[in-house]
Each structure stands twice: as C-alpha cells, then as structure tokens.
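Right, one structure below, let's go through it.
The values are calculated or read from the model by the stated rules, or taken from the named source; none is laboratory data. Keep in mind that this is a model prediction, so the values were computed, not measured. We place every Cβ from the backbone using ideal geometry, glycine too, and count neighbours over all the protein chains shown.
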Amino acid sequence: MEINTLIGIDTKDILNVFNESFSDYFIPFQLTEEQLNSKMLADKVHLNLSVGVFEDKKLIAFILHGFDKINNEKIVYNGGTGVIPKKRGLGLTKQMYNFILPVLKEKGINKSFLEVISKNTPAIKSYKKSGYKIERELNCYKGEIVISNLNNNLEIYKLQDYDWILMQSFWDITPTWQNSNNVVDQLKNTNISLGAYIKNQLVGYIIYNPNNKRLQQIAIDKNFRQRKIASTLMSKLIEDYGQTCSIINVDKSSKSVDAFLQKIGFKINLEQLEMKLQLDKTNANEVSKKCA
C-alpha cells in the first residue's frame, strides 16, 4: 500500500471510493459526480492537503481536507473520511493522519475541524487517538415545513450583499464550517438569500441552498424576536422552493433555535459531534507520534 496526497487524482476515482465507503454508513448515501464537485467546492477542498491510500495504484481510502484562513488562522476542515468496507480494520485512517499531519504542519495550519456521527464510536476513538477533542454537540434536521402565523408588516427582499458585521450581531450560535460565512460567500451566486426589513432596517435574514434543499443560515435581530420574522422568512422560502427542507450541524446548546425548528416541522434526524485538532509546532509532533 502507498499513502500520498490526492494531487492529480481524478474526481471520478474519488467519487467511486466515496460512494463505496458510505454505502453501508449509518445513513447510507451516494453522490453523483456533480454533487461531489459541488461539495468539494463548498468545502473548499484542496487536494494537496488531502490524502489517500492506494493499493496497486487504486484508491481505497481518503481524507478530503478543505482549507481557509479565518481570523488570521489557517484552518483545515475534514470534509469526508472514507475507507472501502473490505479494507476496514487495518488502521488506514490513523496511517493517513500520520502522513498528512506533518504536511499540514509544514503549511502552517493552526487547527483542523471535523464532524462525526455521535453513535459512530469506532470513528470517534480513532479521531481521539489522532489528537482530536470534542468541541460541541450538533443536531441535524429534516422536515416538511408548515407555517401558520406571519408578520404582514415586513418587507422581504433578496439580499444583494452580505453585511456580516450586522448579520453576525443577530447570531446566538456560530455556524460550523459548511454553514460558515466563508462557505456561504463562495455559494452566493447559487444560494437564495432573503432579508426581512422594518422601515428599511434589516431585522432578519435567511440563506438557502436550492441545490440540496438545505438551509444554511437563519438569524433574527435580538431586538426584534418573537415577532414571527423567522416564520415569515421560512414561509416565503417554502412558497418558492417547496416544504421539504433540511439543516445540518446546528449547535445543540441553542434551545431557542431547536424549539423554533421543531415548532415549524423540522425533526432531528441525526446527531453529530464537532471535533477539533489544535496544530502548533509542539502538538503536531506529539500527534504524529500517536498516529505512528
């Protein structure tokens, strides 16, 4: 077996191993090549920071790493770890980390994030052995949305630009990587972004990805809560794009967000953990030794 970065590897080869790896997952799923390309774009995947295991020059396992610079820190995001079923139990995930961590260190990466299903005990143990620590608990939702009460005093317009300083002031929780500002900015031309206004003042917004029918962000000005603004934004959304919708990786600590989502028809369909690996000069060496 050989371990190397994924530079020069065809997307179709990654797709085949991705789909085989997730064919018997907790929630089995398959992607088309277009969907994988979209995911890799949204996750900001860099193949020179990603890693694979090859047997007879054929890819059998992978870690896809996205990259971004956030608050002057270089961050990588594990957008997917997969090992084909017949090659599990050989410690390939640890071996891939043993290979890629020195590469990340050389590139000056400060932190690495990932999400893992809460019930996936073997994966959690493997990540902990690689130096990851649990950062927070997350809920994923899916449902048929039903809205009964609206605020008819709102003006709803498409957002032309994102005023993140203002919009972030509405937040109770910080989005995970796939719903972060940097990712949302990259998808701006395909996402649907709506703002709710009272007397020309932005008091709430919603950002929705129509390609995967997934809500990425929704937030209301703290001074305008309990006025059916979120419900009205959701109503406008489902009016144009249908009632079926999902949201992934919502911080479980926000009871108010959970209550609202379940009230309008969302149900929790998956629980995940966000895990973080702190990479500095000392820690990276210690983690590499653990993986060896």
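Descriptive notes on the structure:
Condition check ((1) assigned by TED's automatic domain parsing to the domain that holds T190; (2) in contact with a Lys or Arg (Cβ under 7 Å, 6 or more places away or on another chain); (3) within 25 Å of N191 (Cα to Cα)) across all residues:
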position: Q226; (1), (2), (3): yes, no, no
position: I229; (1), (2), (3): yes, no, yes
position: S235; (1), (2), (3): yes, no, yes
position: T244; (1), (2), (3): yes, yes, yes
position: I247; (1), (2), (3): yes, yes, yes
position: D251; (1), (2), (3): yes, yes, yes
position: K255; (1), (2), (3): yes, no, no
position: N269; (1), (2), (3): no, yes, yes
position: D280; (1), (2), (3): no, no, no
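- Filter result for N139 (closer than 16 Å to L215 by Cβ, surrounded by 12 or more Cβ atoms within 10 Å (Cβ to Cβ) and within 18 Å of the chain's Cα centre (by Cα)): yes
- Within the stretch 142-168, the residues that satisfy the criterion of being under 30 Å from L277 (Cβ atoms) and loosely packed, with under 15 Cβ neighbours inside 10 Å are W164, I165, Q168.
- Residue in the stretch 157-168 that is at pLDDT below 95, more than 30 Å from E2 (Cα to Cα) and outside the structural domain of L31 (by TED's automatic domain parsing) present: yes
Residue by residue, here is whether (1) closer than 21 Å to F113 by Cα; (2) crowded, with 18+ Cβ neighbours inside 10 Å; (3) not assigned by TED's automatic domain parsing to the domain that holds I165 holds:
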{"site": "N37", "(1), (2), (3)": "yes, no, yes"}
{"site": "M40", "(1), (2), (3)": "yes, yes, yes"}
{"site": "E55", "(1), (2), (3)": "no, no, yes"}
{"site": "K58", "(1), (2), (3)": "no, no, yes"}
{"site": "I63", "(1), (2), (3)": "yes, yes, yes"}
{"site": "K74", "(1), (2), (3)": "yes, no, yes"}
{"site": "G80", "(1), (2), (3)": "yes, yes, yes"}
{"site": "P85", "(1), (2), (3)": "no, no, yes"}
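- Residue within the stretch 5-14 that is acidic (D, E) and touching a helix residue (DSSP H, G or I) at 6+ places or on another chain (Cβ under 9 Å) present: no
- Strands (runs of 3 or more DSSP E) within the stretch 111-195 that include 1 or more residues closer than 21 Å to I75 by Cα: 111-117, 133-144
- Selection within the stretch 94-110 - outside any helix (DSSP H, G or I) and buried (at least 16 other Cβ atoms within 10 Å of the Cβ): I109, N110
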